[in-house]
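*Asks:* Encoded as structure tokens, here's the structure I'll be asking about.
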Amino acid sequence: MEIEKIKKEIKPFLKETIDTIVFVVVMVTIIRFFIGEIRWIPSGSMRPTLIEGDRIFVERFSRFYSTPKRGDIMVFYPPFVELDESAGGIFRRLTGFFCKDIAYIKRVVGMPGDKLEIKRNSRGRYFVYINNKPLEEDYILSDFDSIPCDDKMYCGPFIIPQGQYFMMGDNRGNSQDSRFWGFLPEDRFVGKAVFLFWPLTRMKVL
């Protein structure tokens, strides 16, 4: 009798616990898929805009009605990363629980249809040229630090294919970006970094 009583007391508790867990998972999935997510910056490839340890909010809702623009800071899965497309892998990406897929954060520099070239001027400074005109980039750490382009790198001139983007870090001398692995397909974007909220001393809209 005592065991039966315990079972009756535990059953509602277990049901409430399971219902709560399911609700939390569903809400987290909906928020991450339709609204946005929080990410932290692990490297210095986006210095000085973002530094190691910064916490940012990445919005995902704009992807339903627009495409990335030049200058946007985007989180994405690089093309050389093989994503886990199993049900478990998709679930982990949607919820963020135990997700091991590697994501990068870089700036959109080249757009579909652009003619892009990276070249050095007579003073030794490296510039990105879009459609034969130098791109104004006041956000980069230093144009003197850019890694020289060689035959093994994607430095142009070339036309960026439709549905593809050219991504670069603001810290050009320390960024594994499109110069090394080429164009980024549009379906690899996760979302747009819009707000740096931590640490408080660096809080700003991106």
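*Asks:* Would you kindly derive the ³J(HN,Hα) couplings of segment 48-61 from the backbone phi angles with the Karplus curve 6.51 cos²θ - 1.76 cosθ + 1.60 (θ = phi - 60°), listing them in order in whole Hz, with x for Gly and Pro?
*Replies:* With the stated coefficients, segment 48-61 comes to x, 5, 10, 10, 4, x, 4, 10, 10, 9, 10, 8, 10, 6 Hz.
*Asks:* Could you pull out every residue, at least 5 positions away or on a different chain, whose amide H is within less than 5 Å of the one on K119? Hs are placed 1.01 Å off N in the peptide plane, and Pro or chain starts have none.
*Replies:* Residues meeting the amide H criterion: F127, Y129.
*Asks:* In square angstrom, rounded to the nearest 10, how much accessible surface does K115 have for a 1.4 Å probe?
*Replies:* 70
*Asks:* Listed highest first by mean packing, meaning other Cβ atoms within 10 Å per residue, what order do 101-110, 181-190, 155-164, 117-126 come in? Write out the running numbers ahead of the final one.
*Replies:* Working: 101-110: 20.8, 181-190: 17.5, 155-164: 15.3, 117-126: 13.5.
The peptides rank, most packed first, as 101-110, 181-190, 155-164, 117-126.
*Asks:* Give me a comma-separated list of calculated 3J(HN,Hα) values for segment 62-77, in order, Karplus coefficients 6.51, -1.76, 1.60 applied at θ = phi - 60°, integers in Hz, x for any Gly or Pro.
*Replies:* Once rounded to whole Hz, the list reads 5, 5, 7, 9, 8, 10, x, 10, 4, x, 5, 9, 10, 9, 7, 9.
*Asks:* Now for a different question. Find out how many positive minus negative residues lie around D170, taking Lys and Arg as positive, Asp and Glu as negative, among other residues whose Cβ is under 9 Å from that of D170. Working shown, then result.
*Replies:* Working: positive: R47, K106, R107, R172; negative: E137.
It works out to a net charge of +3.
*Asks:* Show which lysines lie in cross-link reach of K11 when reach means a straight Cα distance below 28 angstrom and same-chain residues fewer than eight apart are skipped.
*Replies:* Cross-link targets: none qualify.
*Asks:* Would you mind checking K152/K192; K106/K192; K69/K100 for any pair whose Cα atoms are more than 19 angstrom apart?
*Replies:* Numbers: K152/K192 29 Å; K106/K192 10 Å; K69/K100 28 Å.
The pairs that break the limit, which is 19 Å between Cα atoms, are K152/K192; K69/K100.
*Asks:* Would you please put 165-173, 37-45 in order of how densely packed they are, using the mean number of other Cβ atoms within 10 angstrom per residue and starting with the highest? Don't jump to the answer; show the numbers that get you there.
*Replies:* On the way: 165-173: 23.4, 37-45: 16.2.
Those peptides, ordered most packed to least, come out 165-173, 37-45.
The values are calculated or read from the model by the stated rules, or taken from the named source; none is laboratory data. Keep in mind the model is a prediction, meaning the values are calculated, not measured. All Cβ positions, glycine included, derive from the backbone under ideal geometry; neighbour counts span all protein chains shown. Heavy atoms of the whole protein, side chains included, go into the accessibility calculation; ligands, DNA and RNA do not. Shrake-Rupley method; radii C 1.70, N 1.55, O 1.52, S 1.80 Å.
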